[in-house]
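The block underneath contains the structure these notes are about, expressed in structure tokens.
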Protein chains: 2
Amino acid sequence: MTEPSNRIVVIGGGFGGLETAMRLGGSTARVTVVDQRNHHLFQPLLYQVATALLSTSEIAWPIRHLLRRYKNIEVVLGKVVGVDRQARNVELEDGAILPFDQLVVATGARHAYFGHDEWEPLAPGLKTLEDATTLRRRILTAFERAEREPDPARRAAWLTFVIVGGGPTGVELAGTIAELAHRTLPGDFRNFDPASARVLLIEGGPRVLAAFRPELSDYAARALAKLGVEVRTGHPVSGMAAGEVSIGDTVLAAETVIWAAGVQASPAATWLGVSPADRAGRVKVEPDLSLPGDPDVFVIGDTAMVMSEGKPVPGVAPAAKQQGRHVGATLLARLAGDRTPRPFRYRDQGNLATIGRKAAVVDFGWIRFKGGFAWWMWGLAHIFFLIGVRNRLAVALSWLWIHTTGSRSARLITQRDPLVGDD
Amino acid sequence: MTEPSNRIVVIGGGFGGLETAMRLGGSTARVTVVDQRNHHLFQPLLYQVATALLSTSEIAWPIRHLLRRYKNIEVVLGKVVGVDRQARNVELEDGAILPFDQLVVATGARHAYFGHDEWEPLAPGLKTLEDATTLRRRILTAFERAEREPDPARRAAWLTFVIVGGGPTGVELAGTIAELAHRTLPGDFRNFDPASARVLLIEGGPRVLAAFRPELSDYAARALAKLGVEVRTGHPVSGMAAGEVSIGDTVLAAETVIWAAGVQASPAATWLGVSPADRAGRVKVEPDLSLPGDPDVFVIGDTAMVMSEGKPVPGVAPAAKQQGRHVGATLLARLAGDRTPRPFRYRDQGNLATIGRKAAVVDFGWIRFKGGFAWWMWGLAHIFFLIGVRNRLAVALSWLWIHTTGSRSARLITQRDPLVGDD
């Protein structure tokens, strides 16, 4: 009984795409959600997988399971390689074609190296579950190497962790790595003291957490210093080679370098045949989040450059969710025959960032918190926003355990599988 | 103050090696535990990771963390490539040398293909965490492929799961895959019914669970049939190719084939320069578990061929643990000057195997159980034997959740990491 004009394709099962799909669940539209991975990922907690605090399955869920109750929604595991706007088709890598009447592009962003793609293998970033387990393997292996390394200089290089980028992800990574070294691991090794590990946070701009008020940045820098993190602001990374990183004129021997410095939108602009709006490759959209000149194509989340009340909307999870809900509502209205454009308005729900196990900063605009109370607010907010009931419970228990004992449960070095391909 | 004759090297951090080391914790011996992985693995539950019931970190813990409180024990992450019994050295892949006065070899077993090594990529086995996540990816991906496959015959091949080997691992895998298909997944897909998936358990011998009494084998076969597993006994697998498997004269189109048919000891016999005692490559030992002619070298667990009261000791976790404890006690006695050989006696604590979510068989020799009550016994026994307190709680909660809701939390298809090597 589906009208042929009701075929809606949503590319991406992240925060934005999932919200759009959920809005359309149970409607008369025939919805297809396509993603190259089978799971929705709670990205804000990805750094906790990378630092062995949480396990992979605590922050990711199969997309088709999240949408299973909506019989009008089909989930397709596949990699999009192009969009034919003339023919109204989405093209998948395996040659399959998904015809659409209306399209929602919500493909997110990857980390970007701003003209230094050769740095990627040297300084991996953190966007996917595999990124997180790779980082976890690298961080834990560095301590194992240090244990076996007789040369003090080489050992020091294994025990030097450099995080590039002082945004929330960089601050959170630096704080938890410092806690891992200074709190969790001492006692586990015999040939060195893990507390001697150096953790450096490198920010090219004048302060960490630039999206927050200066006083919260100052607090974060002090809290990081208290955890033993060396915060270096004002000098960007100028060079990288295997086992070393250059900051300004200083060359540092460091075997573990992590990239948290910038993101680049997915290749959606190329697919759609439009010029990217900025260096990050995002797509400029109309106030209703549709593509200029093509009102049946929407771009949301980190892929879109969205203005709200004269200001650019930040690339954060709540913004993507709000945009997903907005487009979902727009599409529902159209199903009912109402095609009035509905401008999107971003509701800033505040900024949160955590610094290790007992400190955080929270900025709601009208009120600000820092310290232990902010940390509990951060924790409750994240548990609340985790999608599955059971995962909320599991994460809460994990944190409570870690908080009480200082132990980390997910300290597994897993290796690549040499035999079986990616099938 | 350590006597130079007190250097003890334990190769392997599995059930046997860990027990030996724990016995020696706090003694005057200088103990080194070397393993190629950083984690101790609770192998009896590995099939639950492969079938998305449990998460990797619920059944594995860093070896050095388990042994952290014993200051006389050092843990080395490294791959053993040889043992020089003349020079009393263990040789690692990276060129390092671990000198020993007494050596314990507890390196376990890998799956074996009995002259058909070319089957390994076609039918992966289940011994490591990576094996388990690889199987999980293969099983979950098969359903995703089925969803996208228009050709009914090809779709049927994606929905056919063949488990080779009717021992406890094969039975447990077949039961949980059948439950995944028939209970967890229905509702998640739009283009086929997951309940139409076929799960075949192939056993070359006359019955499944051959180590149990015939009436328990019969019960297990009936319980499997009730879950929708097709049990085929009496015909071994005769051939394998990509996408198909031959059983006797029958050729079956199946994209997922899992090997649970046999194990082969680690190359310990080669390292030690002795002839393997059997086709599985195990090392024959004296009644006190030492190598014939070399009373300071012990071989335990799946690597050893041990006789107890005229019968071979089975390759199960409790046997490895008992042997580890026995050798630990022997070494402690020697530290006290007592070198009397102490013969090992195996205490058979019974056989357990589970068939899906509500049935199990338990054989204590003097009494036998089957059905729901046996399942609860099996669950309690496993929770009890899990090493960490928190993991016991986490696994108990996971199971309770799955038992109540039928949902599985760890249904993640994670992929190989294309950028970063094994470092």
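Proximity of backbone amide H atoms, modeled 1.01 Å from N, is registered between A:N351 and A:D363, A:F364, A:G365 at under 5 Å, excluding neighbours fewer than 5 places apart on the same chain. For the stretch B:1-87, the alpha carbon convex hull comes to 103 Å³ per residue, rounded to a whole number.
Counting only protein heavy atoms, what percent of the accessible surface of the protein assembly as shown is carbon or sulfur at a 1.4 Å probe?
Working: 18270 of 33400 Å².
Here it works out to 55 percent.
Cross-link reach is defined here as a Cα-Cα straight distance under 16 Å, omitting same-chain residues fewer than 8 places apart; for B:K79 the aspartates and glutamates meeting it are A:E144, A:E147, A:E149, B:D35, B:E91, B:E93, B:D94, B:D422, B:D423. Between the alpha-carbon centres of the stretch A:262-294 and the stretch A:151-209 there is a gap of 36 Å. Distances between copies at A:I367, taken between label points 7 Å from Cα along the C-beta direction, are 6.1 nm in increasing order. Checking the cross-link filter: which aspartates and glutamates have an alpha carbon closer than 12 Å to that of B:K71, excluding same-chain neighbours under 8 positions apart? Counting by Cα, and skipping residues close in sequence, B:K71 has these aspartates and glutamates nearby: A:D188. At what distance in nm do the modelled label points of A:R347 and B:D249 sit from each other, each positioned 7 Å from its Cα along Cα→Cβ? Label-label distance for A:R347 and B:D249, simple model: 7.2 nm. Judged by the mean number of other Cβ atoms found within 10 Å, the most tightly packed of the peptides B:308-314, B:356-362, B:244-250, B:56-62 leads the ranking B:56-62, B:356-362, B:244-250, B:308-314. Using only the C-alpha atoms, the convex hull of the protein assembly as shown corresponds to 164 Å³ per residue.
Quantify how strongly other chains surround peptide B:49-62 by giving the mean number of their Cβ atoms within 10 Å of each of its Cβ atoms.
Whole-number average of other-chain Cβ neighbours for B:49-62 is 4.
List the trypsin sites (Lys or Arg not before Pro) within the stretch B:249-322 that fall in a DSSP loop (any state other than H, G, I, E or B) and whose Cβ has at most 16 other Cβ atoms within 10 Å.
When the trypsin sites (Lys or Arg not before Pro) of the stretch B:249-322 are filtered for loop state and at most 16 Cβ neighbours within 10 Å, B:R279 remain.
Among DSSP beta bridges whose residues both lie in the stretch B:1-98, state the antiparallel percentage, nearest 5.
Beta bridges within the stretch B:1-98, antiparallel portion: roughly 45 percent.
For the stretch B:5-139, the relative contact order is 32 percent, taking Cα pairs closer than 8 Å that sit 6 or more residues apart in sequence and dividing their mean separation by the residue count. Averaged over the residues of A:64-77, the number of partner chain Cβ atoms lying within 10 Å of the residue Cβ comes to 4. Computed with a 1.4 Å probe over protein heavy atoms only, the accessible surface of the protein assembly as shown comes to 39 Å² per residue. Could you pull out the pairs from A:K311/A:K370; B:K127/B:K311; B:K284/B:K311 whose alpha carbons sit more than 18 Å apart here? Cα-Cα > 18 Å for A:K311/A:K370; B:K127/B:K311; rest within. Both the radius of gyration and Dmax for chain A are 22.3, 74 Å, in that order, over alpha-carbon atoms.
Residue by residue through A:134-146, how many Cβ atoms from other chains fall within 10 Å of the Cβ on average?
Working: counts 4, 1, 0, 5, 2, 0, 4, 4, 1, 3, 7, 3, 0.
Partner Cβ neighbours, averaged per residue: 3.
Taking the Cα atoms only, what angle lies between the long axis of helix B:214-226 and the longest principal axis of chain B, rounded to 10 degrees? The angle comes out at about 40 degrees.
The long axis of helix A:129-148 is offset from the longest Cα principal axis of chain A by roughly 10 degrees.
With n ≥ 4 as the cut-off for DSSP H runs, can you work out [θ] at 222 nm for chain B, using -39500 (n - 2.57) per run divided by the number of residues, rounded to the nearest 500? Each step should come with its number before you reach the end.
Details: 11 runs with 126 residues, N = 423.
Counting only the DSSP helices, I get -9000 deg cm²/dmol.
Converting phi to 3J(HN,Hα) with the Karplus coefficients 6.51, -1.76 and 1.60 and the offset θ = phi - 60°, the stretch A:22-34 yields 4, 4, 8, x, x, 7, 7, 6, 9, 9, 10, 9, 10 Hz in sequence order, with x at every glycine or proline. Per-residue Karplus couplings for the stretch B:169-185, computed as 6.51 cos²θ - 1.76 cosθ + 1.60 with θ equal to phi - 60°, are listed in order as 4, x, 5, 5, 4, 4, x, 6, 5, 4, 5, 4, 5, 8, 10, 7, 7 Hz, Gly and Pro entered as x. Note on the stretch B:117-257: semi-axes of the ellipsoid equivalent to its C-alpha gyration tensor, largest first and rounded to whole Å, are 24, 18, 15. The H on the amide N of A:F100, modeled in the peptide plane, is under 5 Å from the matching H of A:N89, A:V90, each at least 5 residues off or on a different chain. Within the stretch A:46-205, the percentage of alpha carbon pairs spaced more than 22 angstrom apart rounds to 58%.
The values are calculated or read from the model by the stated rules, or taken from the named source; none is laboratory data. What you see is a predicted model; the values in this text were computed from it and never measured. With ideal geometry, Cβ positions are generated from the backbone for all residues, glycine too; neighbour counts draw on all protein chains shown. Each accessible area value is taken on the protein alone, full model and side chains, heavy atoms only, with ligands, DNA and RNA left out. Shrake-Rupley method; radii C 1.70, N 1.55, O 1.52, S 1.80 Å.
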